[in-house]
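Okay, structure first, notes after.
Since every read-out is calculated from the coordinates, none of them should be taken as a lab result. It should be emphasised that the depicted structure is a prediction, and the values quoted were computed from it without experimental measurement. Cβ: placed from backbone, ideal geometry, glycine included. Neighbour counts: every protein chain shown.
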Amino acid sequence: MIDLHEIVGQESAIGRLQQNISANRLPHAFLFTGPVGVGRRTTAIALAKLLLCEKPQTGDGGLLAAVDDSDAASGKRACGKCNSCTLMDSGNHPDFQLVYKELARFHDDANVRNRVMQDLGIDVVRKFLLGPVGLAASYGRGKIFVVLESELLSIAAQNALLKTLEEPPPGVTIIMIAQRDEQMLPTTRSRCSLIRFNPLPKDFVIQKLTEGGVAQTEAEFWAGFSDGSVGRSLRLSKMGMYDIKCDILQKLALLGRGGDAKLGEELAKTSDKLAENAVKDAKKQDGAALSKNLATRRTTGTILEIIASGYSDAMMLRAGTDKPLVNGDQLEVIQRLGEKFSPTELGEIIEQLSQFERLLWRNVNPKIVWDNVVITCASAASL
Ligand SMILES: [Zn+2]
């Protein structure tokens with residue numbers, strides 16, 4: 001696992017955390033915000049490792065020293081050798097708990113287990129946070145809870161958390177991770193110390209992706225598409241999503257106003273296959289159970305986002321933009337997509353695609369969604 005001083009591209013966030021640690025003024029509740037995959041979760045886990053370490057060391061600069069001599073570079077770091085560090089590295093520290101909506105699968109109550117996990121509900125929060133928060137720490141260095149996708153916390157769950165966020169038991173640190181702070185209730189926000197994570201610069205993302213074995217053209221696409229997120233880009237690239245996106249945009253550009261029934265079926269199959277692979281990968285990686293249902297909704301959502309990026313490029317092109325397109329690698333395809341519709345129609349297609357994404361989370365059958373996506377992309381007609 002990565003240590004705090006090894007995280008690159010988030011010097012301001014890490015620097016603030018290190019300042020807090022050096023001054024012994026660590027807030028007991030944090031809200032980490034920023035795009036998916038820019039290092040929020042990695043930082044939260046690294047911070048936990050440092051806080052739980054039995055013999056934290058003072059750093060000699062490490063990786064970051066090459067670029068600056070800020071607090072981010074010179075601050076404390078986990079020893080990596082103590083019992084606690086070993087437990088963190090193995091992913092089994094009893095005083096560290098990740099809280100996420102899929103934990104519903106491990107709930108004792110069958111009703112909770114069988115619910116479609118659209119939000120991070122109060123049952124999960126009670127069982128995996130509010131219950132254990134008051135129990136004594138196993139190693140006497142406190143306890144850390146990291147809440148992933150906090151923007152999905154239900155209102156009831158957020159309300160139930162307020163008292164603990166305000167005044168957690170001694171030694172407890174709670175880190176909430178969300179994309180944007182305004183997605184959280186104001187009462188939750190005001191009880192957390194806000195740490196913002198920035199999108200990473202495009203060139204930095206491209207460089208990291210090519211170092212990770214991604215071809216230059218593909219890396220340029222992901223850097224534009226993923227809002228400066230190396231993590232998400234690498235994940236999507238590994239899924240083979242780039243070839244899929246090239247193929248789908250090409251087919252949509254050739255689509256006549258009459259639509260194509262086969263294309264809906266093909267898209268449903270593609271997202272289904274990707275979801276199957278995601279379920280297998282999750283099992284292989286950390287033995288975590290990812291439900292097929294959730295995986296299908298996620299991959300469908302990603303493909304919808306990719307399609308929307310094509311139409312939004314087409315709209316920018318029609319408006320005579322001089323900004324680089326996300327799908328600059330398929331310029332002719334984008335031109336063709338744009339020629340078929342008026343700018344208003346293009347806007348309607350993009351809006352409709354985001355509606356479909358919302359429908360997915362309301363449990364509409366993905367196959368039906370795909371059929372309608374094809375109709376929308378063929379004719380700009382809404383449902
Ligand atoms: Zn240690």
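Data overview
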read-out: Extreme residue, positive dipole direction of the chain, given options GLY240, ILE307, ILE144 (C-beta unit charges); value: ILE144
read-out: For the chain, calculated [θ]222 nm from helices alone, where every DSSP H run of n ≥ 4 adds -39500 (n - 2.57); value: -16000 deg cm²/dmol
read-out: Cα long-axis angle, helix 261-286 against the chain (0 to 90 degrees, to the nearest 10); value: 20 degrees
read-out: Whole-number percent relative contact order across the chain, with pairs defined as alpha carbons under 8 Å at least 6 apart; value: 16 percent
read-out: The chain: antiparallel DSSP beta bridges as a percent of all, rounded to 5; value: 10 percent
read-out: Difference of contour (0.36 nm per residue) and Cα-Cα distance, SER12 to ARG180; value: 58.8 nm
read-out: Total formal charge among the other residues, if their Cβ is under 15 angstrom from that of GLN183, Lys/Arg +1 and Asp/Glu -1; value: +1
read-out: With Cα atoms, 0 to 90° folded angle of helix 343-361 axis to the chain main axis; value: 50 degrees
read-out: Long pairs among LYS245/LYS284; LYS238/LYS292; LYS262/LYS340; LYS269/LYS323; LYS101/LYS284; LYS273/LYS323, criterion Cα-Cα beyond 24 Å; value: LYS245/LYS284; LYS269/LYS323; LYS273/LYS323
read-out: Cα-based helix-to-principal-axis angle, 366-379 vs the chain, degrees rounded to 10; value: 50 degrees
read-out: Segment ILE2-LYS292, extension gain: residue separation times 0.36 nm, minus the distance between their alpha carbons; value: 101.5 nm
read-out: Size of charge dipole - the chain - debye, nearest 20, with Cβ of Lys, Arg +1 and Asp, Glu -1, no other charges; value: 1060 debye
read-out: Dipole in debye (nearest 20) - region 281-383, about Cα centre, beta carbon charges: Lys, Arg +1; Asp, Glu -1; value: 520 debye
read-out: Dipole-positive endmost among ALA157, ILE2, SER226 within the chain (Cβ charges, Cα centre); value: ALA157
read-out: Contour minus Cα-Cα distance for GLU345 and GLN118 (0.36 nm per residue); value: 78.6 nm
read-out: Cα centre as origin, Lys/Arg/Asp/Glu Cβ charges: region 4-196 dipole, Debye; value: 300 debye
